[in-house]
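First the structure, in the form of structure tokens, and then the observations on it.
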Amino acid sequence: LFDRDSGKVLLEKRHAKSPNDKMAGMLVIPGGKVEGVDKVPNEDCFENALKREIFEEFGIIVTSRTVLFDTTHTTPNGNTYDSRVYLVHGWQGNVSNVEDRNEHLWLDIQEAERLVSRPVAKRTIRVAGRCIASLLRERMI
């Protein structure tokens, strides 16, 4: 999520899901997985998952987003996923911590890139920063 008013992006500090959770304490980019409910004929399952996950986690409705890139990545817990990475820059409602699982941190792009540890997260933040700069320059957001 990118908040145009503050110029900041949202990261989450992960709380432990289990005693062996290798992502506990890490700063991560909010995200989720495609689930069965997202697989509707003639619809984009990634788009459906984005809208569902954002609503479940933050209580907001996505109104504007940009696809950054598609990727395959493996988590520190050893799970591999095909992902579509979005920059959400418009929504209805107030961002809240609906699931209360992780701590929310609004950070500027440089600070976010410095604080995340995983290479895929650093790449995502760099690409998001370039996208944000372009969208702002073109007055698209």
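Computed from the coordinates by the stated procedures, all read-outs in this text should not be read as laboratory data. These figures come from a predicted structure and were not determined experimentally. Positions of Cβ are generated from backbone atoms using ideal geometry, with glycine treated the same way; all protein chains shown enter the neighbour counts.
Side notes on the structure shown:
- Structure-derived P(r) over Cα pairs in 5 Å bins from 0, in percent: which label, when the choices are (i) 2, 9, 18, 23, 24, 15, 6, 2, 0, 0; (ii) 2, 9, 20, 23, 20, 14, 8, 3, 1, 0; (iii) 2, 11, 22, 27, 22, 13, 3, 0: (i)
- DSSP loop GluC sites (Glu not before Pro) with at most 14 other Cβ within 10 Å excluded, longest remaining stretch of the chain: 44-98
- Charged side chains reduced to their Cβ positions (Lys and Arg at +1, Asp and Glu at -1) give the chain a dipole of some 500 debye around its Cα centre.
- Cross-link pairs beyond the 22 Å C-alpha cut-off, checked among LYS13/LYS39; LYS8/LYS122; LYS22/LYS122; LYS13/LYS33: LYS13/LYS39
- Annotation note: trypsin sites (Lys or Arg not before Pro) in the range 1-108 located in DSSP loop regions with a Cβ neighbour count of at most 15 within 10 Å are ARG4, LYS17, LYS22, LYS33, LYS39, ARG101.
- With contacts taken as Cα pairs under 8 Å and at least 6 residues apart, the chain reaches a relative contact order of 27 percent.
- Residue-count net charge about ARG52 - beta-carbon cut-off 14 Å; Lys, Arg +1, Asp, Glu -1: -4
- In this simple spin-label model, placing a label point 7 Å from the Cα along the Cα-to-Cβ direction at both THR72 and ASP108 gives a separation of 3.8 nm.
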